[in-house]
Amino acid sequence: MSETQDDTTGTVSLRDLTDQDELREAWSVLAGSDPEHCSYSKGYVKRQAVFACSTCTPTGADPGGLCLACANKCHDGHDIFELYTKRHFRCDCGNDKFGDFKCQLSPTKDGVNLQNKYNHNFNGRYCSCDRPYPDADDQVDDEMIQCIICEDWYHTRHLCCAVVDSEELQEMVCEACMNKAPFLWTYAAHVAAAPVIKVGHPEEEVEVNVDEPEEKDAGKCEAFRNGGEGSSSCQNQDMQPENRSAACKRTHQEMTDGPVKTQGCKLKELLTRGPDRAREGAVFWPYNWRSQLCTCVSCKRAYVKSEVQFLLDESDTVLAYENSGRTQPLGEDLLMSFLSSMDHVQQLELIYHYNDLKTELTTFLQQYAIEEKVVTAEDIQQFFEGLQSRKRRRPNAGY
């Protein structure tokens, strides 16, 4: 939902593709999913690109999600919007949520995918403010960041903390999810980025470094409230005065290396270290923080109870999914292979036509991104047919 790829959060959108790097990032999201075959037969996929169809499941209807192939094939011409990626999801296309509509790629499906989880994103609503994206009534230029647990998207101004800008930080957990798995606050005090809490109304916001005691009530987080409008995940929950001091400042090495490993429970060890961290605001984590979680039997039971057992799987991350997508070639390796076997004139001709193709293809995809449409196989075929009809030989350039 972020308008550009942000290495600090792993977020990406197909909107505003302005250069090749952003095209690569969009490619990394879609390339990790199968564009030709419905993913239903694979069961609950660890992570895949998921779409919603407001034509088939409008607001107020039982929400449903589509895999990439069904969005392209079965729902061509429908009002489709992307949900980025979802964890442990099975394609709903053609099941009971879609009435008489049948999936063209996998017609035989269970009526309901009981393990799928849905939120207001499937109805085109996001954040604790429950607003659409893009929002014509929102005049604030603000990117959105996805929580890795609930997988909802949040405006940065509604995270109740200063957004951390660091190449070492990859994942964000919203305050509501931190409170659902409260043991994460203990890890946050020793592993995550030191918090800076925003306090006050928008017109008088100040930033408070919580390494120093704060006498004012920093737990209310009223930055985006307007007369109580909207539901905030940032409300102060179980905040005690003695918990308002946060972890002392940590070095980069300490953040990446994490706590010292012991034979016992890591969580219990951290609890004895102190100091505690203020339990408010979203938390930003370094890329290897999951490896610092305790794997003793007691802690594993706590993960299951809080429904966050996937945190122990480092291949579950959006970053791992995108890296897998990046391994799908865009054509440069094949191009270099051809170039090595050609003479200079042939190399120049091939490079010219390759760059010409990239320019036209990028322009073609940008238009779909602006209109927020899903590119179908038929669209790609028409593009290349049009390209072929416009094909011309490059005039002699003096070589």
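The values are calculated or read from the model by the stated rules, or taken from the named source; none is laboratory data. In this text the structure is predicted, and so the values were computed from the model without any measurement. Because the Cβ atoms are built from the backbone with ideal geometry, glycine has one as well, and the counts that use them run over all protein chains shown. All accessible areas refer to the heavy atoms of the entire protein, side chains included, with ligands and DNA or RNA removed. Shrake-Rupley method; radii C 1.70, N 1.55, O 1.52, S 1.80 Å.
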Of the conditions (1) at pLDDT 95 or above; (2) in contact with a Leu (Cβ under 9 Å, 6 or more places away or on another chain); (3) of a type in the set (V, I, T), I145 clears all except one; give me its number. (1)
Select from the stretch 271-297 the residues that are in contact with a helix residue (DSSP H, G or I) (Cβ under 8 Å, 6 or more places away or on another chain) and in a helix (DSSP H, G or I) and write down the one among them that is nearest to F89 (Cα to Cα). R290
How many residues are surrounded by fewer than 14 Cβ atoms within 10 Å (Cβ to Cβ), acidic (D, E) and assigned to a loop (DSSP other than H, G, I, E, B) if we restrict to the stretch 86-127? 2
G65: crowded, with 23+ Cβ neighbours inside 10 Å, out of contact with any strand residue (DSSP E or B) (no Cβ under 9 Å at 6 or more places or on another chain) and under 19 Å from K42 (Cβ atoms), yes or no? no
Report, ordered by the first and then the second residue, all pairs with beta carbons closer than 6 Å, sequence separation of six or more or different chains, a first member in the stretch 106-124 that is touching a residue at least 40 places away in the same chain (Cβ under 8 Å) and farther than 22 Å from G60 by Cβ, and a second member that is in a loop (DSSP other than H, G, I, E, B) and open to solvent by 20 Å² or more (accessible area, probe 1.4 Å). Q115/Y44
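Each row is one residue, and each column tells you yes or no for (1) touching a Gly at 6+ places or on another chain (Cβ under 9 Å); (2) modelled with pLDDT of 50 or more; (3) open to solvent by less than 60 Å² (accessible area, probe 1.4 Å); (4) farther than 30 Å from D130 by Cβ.
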| residue | (1), (2), (3), (4) |
| --- | --- |
| S233 | no, no, yes, no |
| V260 | no, no, no, yes |
| E269 | no, yes, yes, yes |
| A278 | yes, yes, yes, no |
| Y287 | no, yes, no, yes |
| S291 | yes, yes, yes, yes |
| V297 | no, yes, no, yes |
| K305 | no, yes, no, no |
| Y321 | yes, yes, yes, no |
Within the stretch 86-107, can one find any residue that is closer than 28 Å to V164 by Cα, basic (K, R) and out of contact with any helix residue (DSSP H, G or I) (no Cβ under 7 Å at 6 or more places or on another chain)? yes
Given the condition modelled with pLDDT of 95 or more and not aromatic (F, W, Y), answer yes or no: does some residue in the stretch 1-21 qualify? no
Among the strands (runs of 3 or more DSSP E) confined wholly to the stretch 131-198, which include 2 or more residues that are touching a Ser or Thr at 6+ places or on another chain (Cβ under 7 Å), in contact (Cβ under 8 Å) with a residue 12 or more places away in the chain and crowded, with 18+ Cβ neighbours inside 10 Å? 144-146, 169-173
